Structures are given as C-alpha cells and as structure tokens.
Amino acid sequence: MILHFIFVVKEEDLEKRKPEFEYVKQMGSFFKVWIKEKFGKDFEVQCDELITKPRRLFQKLDTHTLLQDHQQRGTQIFHFYLCHFKPLWTDCTCEGYQAENFGMVWWQPPKDNFDTLFLAEKNCTTVSHVLAHELLRISGHKKFREIVHDVWTKHFYDQLDFEQYGTNFEKTDGKPMFLTIDTSTLRTK
C-alpha cells in the first residue's frame, strides 16, 4: 500500500515554503510509523510537491481538480493533498476532505518564520484526523466518520489532549514535533 503526500504550493511561494516541505517529508516518515503502530497497516510513504501556477477565477484549484489529479495518478494509491486553500465542501470540522484512497486538508503556513509547533498543532493534527477516517474505512469500520468526529470534538470541547510525539517518533511530554488525534478509542474492528 502506498500513501503519497502531495504538498500543493503556489509557484510564487515555492522558495519561502521549502522549510514546510522539509517538515512534510519528516511528517510522512512519522505517519508511516504511526499508522503501523496504531492501525497495523504498513504503508510505503512518498512525498512530493504539486506546484501550481496562477489560474483564472473560474479555473481555481478545488477538490474536484484534485480528485481528477488523483485519478490520473492512479486511484489504487492513497493520495493525500496538503493544500494552500480550504476545500469548497467538506463534512469534516477540520478543514479536510476524505474519500476512498483520497485525502486533502487546508495546510496553514506559519505566520512568522518556521514554527514547528504551529505546523504540528494546525496541520499535523488535521492530517491525522483525515488519515484516521481512511484507515478506519479500509479496516471496514461502519461508523468511521462518526467515531473520528467524536474524538475530534473531545479535543476541542472536553480538553482531551492530542497525542504528542518527538523527533524520534515516540510519545513525549516535552515539546512535540508531531501531534495527532487521540487513538485510544479508535478501534479498527
């Protein structure tokens, strides 16, 4: 199984967002370990950039355009798009979208300089949310959306902590490099 993270970046932002792409590559390696540990699935993880050029108003990038890209790349591969825009439609509260072998999230750039904690809090958590949907779906879980949304709600309204991981991909109480949805109640069967 292949999980392919695709960092969607505007051509004019390519240089200034290079540090974020380096984080995406580290995050890809982290999620390979996380998925194996939490969901028992062994994915080959790939990362690359999709560089976009300016488009006309009615030719803006959207979920439909990315689904077409996904089909052209091969629907047997799980393509996960990290986008500079929000999905036009989603049934998730996390600014993400999930379909069979397809995921996308609004990837938010740090406001000032390169901020790993910001990337972990704003982006890595959202990626884990959408990944959890798809991994539970693959496992045959009937209510994969509801169970993930229940946990997500607890993160924001019941003070459930996100799981924290360091640079060695192990849980930490110190400053995290990666943050994920709490998986203690997510069961694949």
Item to complete: Amide H neighbours of residue 80 under 5 Å, at least 5 residues apart or on other chains, H built in the peptide plane: list them.
Response: 4, 5, 6, 103
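How much mean residue ellipticity at 222 nm does the chain get from its helices, if each DSSP H run of length 4 or more adds -39500 (n - 2.57) and you divide by all residues, to the nearest 500 deg cm²/dmol?
Details: 5 runs with 65 residues, N = 189.
The helix-only estimate for the chain comes to -11000 deg cm²/dmol at 222 nm.
Could you provide, to the nearest whole Å², the per residue accessible area of the stretch 1-110 with probe 1.4 Å?
Working: 5730 Å² over 110 residues.
Result: 52 Å² per residue.
What range in the chain is the longest one free of GluC sites (Glu not before Pro) that are in a loop by DSSP and have at most 12 other Cβ atoms within 10 angstrom?
Working: sites that count: 15, 100, 170.
It runs 16-99.
Carbon and sulfur together cover what percent of the accessible area of the chain at a 1.4 Å probe radius? Kindly include the intermediate steps, with their values, before the conclusion.
Values: 4880 of 10120 Å².
Heavy-atom surface of the chain belonging to carbon and sulfur, 1.4 Å probe: 48 percent.
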Worksheet, complete the sentence: Given backbone amide H placed at 1.01 Å from N, residues whose amide H is under 5 Å from that of residue 52, ignoring those fewer than 5 places away on the same chain, are 9, 10, 11
Item to complete: At most 11 other Cβ atoms within 10 Å and a DSSP loop assignment: could you name the trypsin sites (Lys or Arg not before Pro) in the stretch 61-157 that fit?
Response: 111, 142, 143
Worksheet item: Once phi is turned into ³J(HN,Hα) by the Karplus curve 6.51 cos²θ - 1.76 cosθ + 1.60 with θ = phi - 60°, what whole-Hz value does each residue of the stretch 100-111 show in order, with x for glycine and proline?
Response: 4, 6, 9, x, 8, 9, 7, 8, 8, x, x, 6
Worksheet entry | Cα-based Lys proximity count in the stretch 53-189, under 21 Å, for pairs eight or more positions apart or on separate chains | 14
Item to complete: Once you have a ≥ b ≥ c as the square roots of the Cα gyration tensor eigenvalues for the stretch 25-155, tell me rounded if a/c is under 1.5, and otherwise prolate or oblate according to whether a/b is larger than b/c.
Response: rounded
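The values are calculated or read from the model by the stated rules, or taken from the named source; none is laboratory data. Every value quoted in this text rests on a predicted model; they were computed, and no experiment measured them. Heads up, the Cβs are rebuilt from the backbone with ideal geometry, glycines too, and the neighbour counts pull from every protein chain shown. When the accessible area is computed, the model is the full protein with side chains, heavy atoms only, and any ligands, DNA or RNA have been set aside. Shrake-Rupley method; radii C 1.70, N 1.55, O 1.52, S 1.80 Å.
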